Amino acid sequence: MKYRLTWVLFIGICLFRPVWADDEFKAVVTADRALIEQVRQGGYVIYMRHGKTDTAQPDQVPIDLNDCTTQRPLSKQGLDELHLIASYFKQLYIPYTPVHSSPLCRAKQTAEIVFGSPVIIEENLQYTAALTTREKQPIIERTRALLSKPVAKGTNRVLVAHGPNLVEMMSYFPPEGSIVFFRPLGAEGFAYLATITPQDWSVLLK
């Protein structure tokens, strides 16, 4: 019932008023075993924000997508944490295919560590924060499409990208390394269901 209530509320927000950039998404739900059991049946979208990064090495502007040295990298802590998350996620026995990733190195590394290959690189999942409004548009449209397009039963769609991209979608900025679950609704958009932050795994797997 908790997930149903959150879903209906979010759909109401999406359909009856715009989500402004200065709104703060406050209806964050922590995923539990009941939701995981639903996701095991397939038909959902799993959005992961890349792992923890080294903020002492910021992205250069403009970013060179072909040169990882121009991009903010995953930190040693982030890499270690991602390997743990990979082992935790396997314990959930969630089916998925394919994995779509932002072209930035921190997202590609996250996708490969947590979900394995193959990984489909999507230029229009790249980091939006340093882009102009016009440059953001194809990224917003592609992200919305991947969150909304129905997924067949028996599998789930995985996206690995960035926090600001979800801010563009729903004013939600999840912590690095978080996994966010959505129900795709086709032409009606998508419904947020719940999140697993890196701190939530110990409780979820008890």
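The values are calculated or read from the model by the stated rules, or taken from the named source; none is laboratory data. Bear in mind the structure is a predicted one, so any value in this text is a computation, not a measurement. A quick note on method: Cβ atoms are made from the backbone with ideal geometry, for glycine too, and the neighbour counts reach across all protein chains shown.
Taking segment 87-101 as the range and being buried (at least 19 other Cβ atoms within 10 Å of the Cβ) and polar (S, T, N, Q) as the test, only Ser101 passes. Of Leu104, Leu84, all but one fail to be at negative phi and surrounded by fewer than 18 Cβ atoms within 10 Å (Cβ to Cβ); the exception is Leu84. The condition (being in contact (Cβ under 8 Å) with a residue 60 or more places away in the chain, in contact with a strand residue (DSSP E or B) (Cβ under 7 Å, 6 or more places away or on another chain) and surrounded by 12 or more Cβ atoms within 10 Å (Cβ to Cβ)) is satisfied by just one residue among Leu65, Leu125, Leu146: Leu146. For segment 46-56, the candidate set comprises residues that are in a loop (DSSP other than H, G, I, E, B) and either in contact (Cβ under 8 Å) with a residue 60 or more places away in the chain or on the phi > 0 side of the Ramachandran plot (or both); within that set, the residue that is nearest to the chain's Cα centre (by Cα) is His50. Count of segment 177-205 residues, restricted to those that are surrounded by 21 or more Cβ atoms within 10 Å (Cβ to Cβ) and of a type in the set (D, E, K, R), is 1. Ala86 satisfies every condition listed in (1) without any contact (Cβ under 8 Å) to a residue 40 or more places away in the chain; (2) closer than 22 Å to Asn66 by Cα except (2).
This table checks each residue for (1) touching a Leu at 6+ places or on another chain (Cβ under 7 Å); (2) at pLDDT 95 or above; (3) aromatic (Phe, Trp, Tyr).
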residue: Arg72; (1), (2), (3): no, yes, no
residue: Glu81; (1), (2), (3): no, yes, no
residue: Ser87; (1), (2), (3): no, yes, no
residue: His100; (1), (2), (3): yes, yes, no
residue: Lys108; (1), (2), (3): no, yes, no
residue: Ser117; (1), (2), (3): no, no, no
